[in-house]
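No lab work stands behind these numbers, since they all come straight from the coordinates. Given the structure is predicted, the values throughout are model-derived calculations rather than measurements. Here Cβ is always computed from backbone atoms with ideal geometry, including for glycine, and neighbour counts include all displayed protein chains.
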Amino acid sequence: MSPPEYEHFIDTRGLVCPEPLMIVRNKVRTMQNGERLLVLATDPSTDRDFRNFCRFMKHTLELVEVANKEHKYVIRKGVQDAS
C-alpha cells in the first residue's frame, strides 16, 4: 500500500518530547481542514503524543509506520473517522 498524499512536511527526527508535538501543533494550526501533514520522527513517545493529539483535536491519523526506529505519520486536519 502506498502512503497517502500530503500537502505539508515536517522532519522532527532527532528531537525529543515535547518538541515534535509542539512543532506539529503549530504547523497544523496554519493548515486548512482536510490538508495532510507528513511527519518523520525518531522519538518513540511521538506515537502516543500524536494519537492523543489527533483524538483530542478531532484530526485523523491516516498513517503510522515504524521502520528502523524511524516513525512516519500522516495527519489529516479536522477530519476524524467515526471509529
Item to complete: Identify all residues within segment 43-83 that are of a type in the set (D, E), more than 22 Å from G14 (Cβ to Cβ) and touching a residue at least 24 places away in the same chain (Cβ under 8 Å); write none if there are none.
Response: E62
Discussion item. For segment 43-83, give me the residue count where each residue is in a loop (DSSP other than H, G, I, E, B) and among the hydroxyl-bearing types (S, T, Y).
Written reply: 1
Item to complete: Check V28 against each of (1) in contact (Cβ under 8 Å) with a residue 40 or more places away in the chain; (2) crowded, with 16+ Cβ neighbours inside 10 Å; (3) within 13 Å of K72 (Cα to Cα) and name the one condition it does not meet.
Response: (3)
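Let's see how each residue does on (1) surrounded by 13 or more Cβ atoms within 10 Å (Cβ to Cβ); (2) over 12 Å from the mean Cα position of the chain (by Cα):
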residue: P20; (1), (2): yes, no
residue: T42; (1), (2): yes, yes
residue: D47; (1), (2): yes, no
residue: F56; (1), (2): no, yes
residue: H59; (1), (2): yes, no
residue: L63; (1), (2): yes, no
residue: K69; (1), (2): no, yes
residue: G78; (1), (2): yes, yes
Worksheet item: In the set V64, V39, V16, V74, which member is touching a Lys or Arg at 6+ places or on another chain (Cβ under 7 Å) and aliphatic (A, V, I, L, M)?
Response: V74
Practice prompt. Test G14 against the stated conditions and say whether it is surrounded by 13 or more Cβ atoms within 10 Å (Cβ to Cβ) and either among the basic types (K, R) or in a loop (DSSP other than H, G, I, E, B) (or both).
Written response: no
